[in-house]
Amino acid sequence: MPALTPEGLARVARYLLPSEQAVITVRRHWVVVAEPVASAVVGLVLVANADVRLPQGVPFVRDVLWLAWLVLLARMIWKVIERSQDWFVVTDERLLLTYGLLTRRVAIMPLAKVTDMSYNVSPLGRLMGYGEFVFESAGQDQALRTVSFLPDSRTLFEVLSNELFGPEGVASSRRRRSRSNRED
């Protein structure tokens, strides 16, 4: 089951209402930093190789190559830190996505507003263990629509489906209220 980690809960506690209970706190899958890490490693190999092969009379070219690699390294570090701050949270009342380093953003959708949910897993996602969720809300633009690169997405899908559409879920309580209103 996706974790309700103490670290995750501590990171997002300030965004939770006193009345709500967190069900899941999860970071995006590590694959979101795979490309920046790979770029920095490949860049290092290429720059080191070029540095050895370049003639001694072109120090400016060496400096530019190493500076370009430092940019790749800085980008990698930024992406790793950024991932460490991104959290997807499912509570008994809302969905939250916290993200951003310099400007902190929190996208929220009340469970009661979710009218439809899509679950997508690419072939690479199946292999690596991540998926994407798309939430619909009565045809309106919403702050929280697509959440991609979520780990253990199959289990997360089961938990979300239960919270939204299960016997005690939000959609089920809407159906119960609708039936009781028709009976009145």
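The residue of the range 27-37 that is nearest to residue 6 (Cα to Cα), among those that are among the hydrophobic types (A, V, I, L, M, F, W, C) and surrounded by 13 or more Cβ atoms within 10 Å (Cβ to Cβ), is 30. Taking residue 93 as the residue in question, decide whether it is modelled with pLDDT of 90 or more and under 27 Å from residue 7 (Cβ atoms). So residue 93 does not fit the description; no.
Which of the residues that make up the range 136-153 are free of Cβ contacts under 8 Å to residues at least 24 places away in the same chain, in contact with a strand residue (DSSP E or B) (Cβ under 8 Å, 6 or more places away or on another chain) and of a type outside the set (Val, Ile, Thr)? Those that are free of Cβ contacts under 8 Å to residues at least 24 places away in the same chain, in contact with a strand residue (DSSP E or B) (Cβ under 8 Å, 6 or more places away or on another chain) and of a type outside the set (Val, Ile, Thr): 136, 145.
Residues in the range 136-155 that are at negative phi and part of a strand (DSSP E or B): how many?
6
Are any residues in the range 17-52 in contact with an Asp or Glu (Cβ under 7 Å, 6 or more places away or on another chain) and under 20 Å from residue 83 (Cβ atoms), and if so, which ones? Selection gives 27, 28.
The values are calculated or read from the model by the stated rules, or taken from the named source; none is laboratory data. Here the structure is a predicted model, which is why all the values come from computation and not from measurement. With ideal geometry, Cβ positions are generated from the backbone for all residues, glycine too; neighbour counts draw on all protein chains shown.
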